[in-house]
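Encoded as structure tokens, the structure appears first; notes follow it.
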Amino acid sequence: MGQPVQQAPTWQYPPIPIPQPPGGRRRKKKRLTRPLLIGIVALSVLVLATGITLIVRSVGGGDAEAKQTPTAPASTTPSESPSPTPSSPTPTGPRGPTVDEVVKGSRLYTIGPVAASKCVEPAFAPVTVPATQQYYTRLMLCLNRTWWLAMKKANLPFRSPKAVVYVGKLSSPCGMQRSVRAAYCLANETIYLPFTVDSVNYAKNPVYARAIILNTFAHEYGHHVQKLSGILASSLTRQKSMNATQQLTESRRRELQATCLGAVYLGANAQFTPMSGPLLANWRLLIAHMGDDYAVPRGHDHGNRVSNYQWSIAGYNSKQPNSCNTFTAAPVRVN
């Protein structure tokens with residue numbers, strides 16, 4: 001726990017630790033205590049031990065590796081003129097934003113409420129891999145619509161991430177996916193979705209499983225929005241010069257912002273999903289009981305349940321990214 005939170009450029013972002021689904025149909029009581037959190041926690045522990053190699057991307061989300069521009073060595077050739085001719089100052093363009101300015105003052109925060117995609121939630125029954133892949137593919141189109149309009153309004157680039165449903169293990173640029181949690185991979189802008197996790201949750205409690213899937217997918221998409229806007233790369237660059245405690249705080253700022261951005265989408269589309277009745281009740285139960293409090297062993301890189309609940313509600317009610325500026329929030333709000 002004393003080591004810094006360090007993330008390689010291919011690091012993948014798992015969702016927040018969540019509690020076991022409450023009882024529901026097709027669930028035997030003796031299975032209530034079989035957690036799905038072990039794999040997530042193991043990954044979180046590994047994060048604390050890995051080395052960091054940062055990829056610095058442009059504000060628009062490019063993938064240029066950070067490099068120091070070498071300065072030309074001083075000339076050793078004597079001037080042919082009796083006296084040196086003063087050189088003209090090299091013209092420079094306008095200064096680009098600093099990493100602090102990107103994370104704290106992104107144009108994403110200026111757009112107001114995001115537009116609803118007006119998509120009804122796709123048919124939900126993760127009982128086969130094709131059916132589950134079809135669900136996420138259709139859900140992706142809904143999120144794309146909302147965030148494309150938002151990025152266009154902010155004059156930021158947009159491209160859709162990919163969604164891949166898999167069974168067992170799957171090799172990726174971010175390492176081996178092992179069916180323990182959904183994750184967003186920066187290297188190829190792909191959200192990896194383990195079929196087994198969805199199907200097991202669905203068998204235990206279908207409505208709660210819908211709440212988990214919607215919340216998790218919107219959260220992972222939030223990381224993609226962070227990448228496109230340059231916030232993700234800038235935050236990782238800031239983290240490079242921080243001590244261990246500060247790095248944990250920076251990680252929580254990123255994670256809580258992704259949670260809030262996910263809730264912005266859910267709130268904007270609440271009328272159309274629809275987020276009502278049992279689904280809304282289960283989502284409220286979920287966001288009140290997720291975060292580092294449920295990680296075993298206890299971590300502190302995603303935010304506790306109070307912070308997760310507060311940022312989820314802020315995004316859901318406001319429907320605007322400005323409510324998700326975790327980088328200007330007081331430390332007490334990102335615990």
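The values are calculated or read from the model by the stated rules, or taken from the named source; none is laboratory data. Note that the coordinates shown come from a computational prediction; the quantities given were computed from them, not determined experimentally. Cβ coordinates were reconstructed from backbone atoms using ideal geometry, including for glycine residues, and neighbour counts include every protein chain displayed.
Structure notes:
- Given (1) within 24 Å of Cys142 (Cβ to Cβ); (2) part of a helix (DSSP H, G or I); (3) touching a residue at least 12 places away in the same chain (Cβ under 8 Å); (4) out of contact with any strand residue (DSSP E or B) (no Cβ under 8 Å at 6 or more places or on another chain), index of the condition Phe272 fails: (2)
- Verdict on Asn269 being closer than 24 Å to Gly175 by Cβ, over 11 Å from the mean Cα position of the chain (by Cα) and at pLDDT 95 or above: no
Yes or no, residue by residue, for (1) of a type outside the set (A, V, I, L, M); (2) outside any helix (DSSP H, G or I); (3) surrounded by fewer than 24 Cβ atoms within 10 Å (Cβ to Cβ):
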position: Val225; (1), (2), (3): no, no, no
position: Arg254; (1), (2), (3): yes, no, no
position: Ala258; (1), (2), (3): no, no, no
position: Leu286; (1), (2), (3): no, no, yes
position: His302; (1), (2), (3): yes, yes, no
position: Phe327; (1), (2), (3): yes, no, yes
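- For Val164, the conditions (1) under 20 Å from the mean Cα position of the chain (by Cα); (2) in a helix (DSSP H, G or I) are fulfilled apart from (2).
- Among the residues of region 167-191, just one is in a strand (DSSP E or B) and on the phi > 0 side of the Ramachandran plot, namely Gly175.
- Per the listing Val114, Val167, Val180, Val129, the residue uniquely closer than 27 Å to Arg254 by Cβ, at pLDDT 95 or above and either in contact with a helix residue (DSSP H, G or I) (Cβ under 8 Å, 6 or more places away or on another chain) or surrounded by 20 or more Cβ atoms within 10 Å (Cβ to Cβ) (or both) is Val114.
- Within region 317-335, residues that are more than 20 Å from Arg305 (Cα to Cα) and at pLDDT 95 or above sit with their Cβ atoms under 9 Å from residues that are in a helix (DSSP H, G or I) and among the hydroxyl-bearing types (Ser, Thr, Tyr), at 6+ positions apart or across chains, in these pairs: Lys319/Tyr265; Gln320/Tyr109; Pro321/Tyr109; Pro321/Thr110; Pro321/Ser229; Asn322/Tyr109; Asn322/Thr110.
- Among the candidates Ala203, Ala218, Ala233, Ala211, residue that is small (Gly, Ala, Ser) and modelled with pLDDT under 95: Ala233
- Yes/no for Thr237 being over 12 Å from the mean Cα position of the chain (by Cα), within 24 Å of Phe158 (Cβ to Cβ) and part of a helix (DSSP H, G or I): yes
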